[in-house]
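Read through the structure below, which is laid out as structure tokens, and then see the notes.
The values are calculated or read from the model by the stated rules, or taken from the named source; none is laboratory data. Just so it is clear, the model here is predicted, and its values are computed rather than measured. FYI the Cβ positions are ideal-geometry reconstructions off the backbone, even for glycines, and counts take in every protein chain you see. The protein model used for the area step is the full one, side chains on, heavy atoms only, and it has no ligands, DNA or RNA in it. Shrake-Rupley method; radii C 1.70, N 1.55, O 1.52, S 1.80 Å.
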Amino acid sequence: MNRQSLSTPRATGHGQLAVGSGETQRQRGLIDALFAAGAESDPLSMLHPAIDRSLAMTGIGLWQCCLATERLRWSQGVWDLFAMERGEEPARGLTVAHYLPESRIELERLRSKAVATGGSFRMDAQIIDSRGELRWMRISALVDRSGPSARLHGVKQDITAERLAATAI
């Protein structure tokens, strides 16, 4: 895939995205259920391997970031989205470097606001994966201050095909 220019991330006034073109209510329901389940517990520690694989097959992955250490944890779908080798702990700085500048700026703005307010956000972002391919992902995130340390966690969904189909019309 080449680095063609697609539309930029668009967030509504509160950092929330409306259901996007091509995103079904079923997909939104699944993402919201996973998102809500993570608010009360660590979604990655409870994730059954078969469910992890099933989510990855649909382009969905779970992630979390410890706010004190910026240590990341990813499910299989996020590793696939970034086309990175599993096993090594992903470094946040290296991961953020994959974002295109416009997406990186919007991510940091929304993330900072969510961390400061204990809130959440959703956005569409462009990245260049480790193979050099342009990808689009939908990020849903929330701050969780329960437990021993505060963390940001949520869902990343590969929406590359959806975005390419929208530009082809």
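Take the solvent-accessible surface of the protein heavy atoms, probe 1.4 Å, and return the percent of it on segment 88-169 that carbon and sulfur atoms account for.
Numbers: 2070 of 3600 Å².
On segment 88-169, the fraction of accessible area on carbon and sulfur atoms equals 57 percent.
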Sorted peptide list for 107-118, 53-64, criterion being average Cβ within 10 angstrom, highest first: 53-64, 107-118
